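Below is one structure, written out as structure tokens; the observations come after it.
Values quoted throughout were computed directly from the atomic coordinates according to the rules given, and no laboratory measurement underlies them. Note that the structure is predicted; figures quoted are calculated from it, not measured. Virtual Cβ from ideal backbone geometry, glycine too; neighbours counted across all protein chains shown.
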Amino acid sequence: MKSNNPKKTIVSGMRPTGLLHLGHYFGVLKNWVELQSQFNCYFFVANWHSLTTEYSKPEIIRESQYQMVIDWLASGVDPQNAVLFLQSDVLEQAELHVLFSMITPISWLERVPSYKELQLELKEKDLSTYGFLGYPLLQTADVAIYKADFVPVGQDQVAHIELSREVIRRFHHIYKTEIFPEPQPLLTKASKLPGLDGRKMSKSYHNSIY
């Protein structure tokens with residue numbers, strides 16, 4: 001993950017939906033610690049994103065977000081080297097999400113692989129909401145508003161970044177502007193640490209090791 005240009009910008013977030021586990025450390029935080037000295041990094045608490053699956057349990061989000069940041073700091077994320085913030089504190093991200101949602105065909109969102117996969121995996125949750133369908137658009141706004149060059153992701157999130165690039169291209173075409181760079185995926189190391197059942201470690205799958 002070497003970079004010849006330390007001024008390139010990276011944006012990445014984490015959803016506060018419970019305690020962090022080993023998958024978060026090896027799949028995300030370990031990489032953040034390495035990246036923060038090489039790039040301009042924006043790391044955010046994705047509390048709006050948490051509502052896509054936990055909209056009926058906002059107390060989980062409130063209880064988790066501050067403990068999560070403490071865990072970031074304990075893992076070596078340095079606020080002197082990266083900007084740390086709460087997603088909902090930047091209202092412009094929600095405004096940009098609305099603008100993107102006005103121009104994005106629904107079929108683009110429905111074809112994202114994780115949309116149908118997670119609906120099948122998380123049958124106990126009602127995910128037939130725009131919030132869940134439009135998750136990648138909010139992600140696009142998160143990334144575009146800071147003009148990110150790279151987004152550190154696992155292989156399962158690459159399709160989201162490609163969608164972001166398509167949405168940004170469409171925005172530029174419609175409004176005759178070139179305001180946002182098209183972000184590139186930066187594949188992270190150990191992005192699919194297996195859980196107790198062999199699937200990707202996830203709080204949603206109840207297979208985590210803490």
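Computed over the chain, the per-residue total of -39500 (n - 2.57) for DSSP H runs of n ≥ 4 gives a 222 nm mean residue ellipticity of -13000 deg cm²/dmol, rounded to 500.
The distance between label points at His173 and Asn81 comes to 4.1 nm (points 7 Å beyond Cα on the Cα→Cβ vector).
Here the extension length gained between Leu122 and Leu99 equals 5.4 nm, from 0.36 nm per residue of separation less the Cα-Cα distance. Ordering Asp149, Asp78 by the number of other Cβ atoms within 10 Å of each residue's own Cβ, fewest first, gives Asp78, Asp149.
The residue among Ile145, Val167, Ser64 whose Cα reaches farthest toward the positive pole of the charge dipole of the range 9-187, with charges on the beta-carbon of Lys, Arg, Asp and Glu, is Val167.
Membrane-span-like helices in the chain, defined purely by DSSP H runs whose alpha carbon atoms cover 18 Å or more axially and whose average Kyte-Doolittle hydropathy reaches 0.0, are 91-103. The simple spin-label model puts a point 7 Å past each Cα toward its Cβ; for Trp108 and Gln67 those points are separated by 3.8 nm.
Go through the range 86-167 and name the GluC sites (Glu not before Pro) that are in a DSSP coil and have 16 or fewer other Cβ atoms within 10 Å of their Cβ. Taking the range 86-167 and a limit of 16 other Cβ atoms within 10 Å, the loop GluC sites (Glu not before Pro) found are Glu124.
Taking Ser101, Ser50, Ser164 as the candidate residues, the one with maximal mean-square fluctuation in a Gaussian network model of the chain, Cα springs under 10 Å, is Ser101. Ranking of Arg111, Arg170, Arg165, Arg15 by neighbouring Cβ atoms within 10 Å, starting from the fewest: Arg111, Arg170, Arg165, Arg15.
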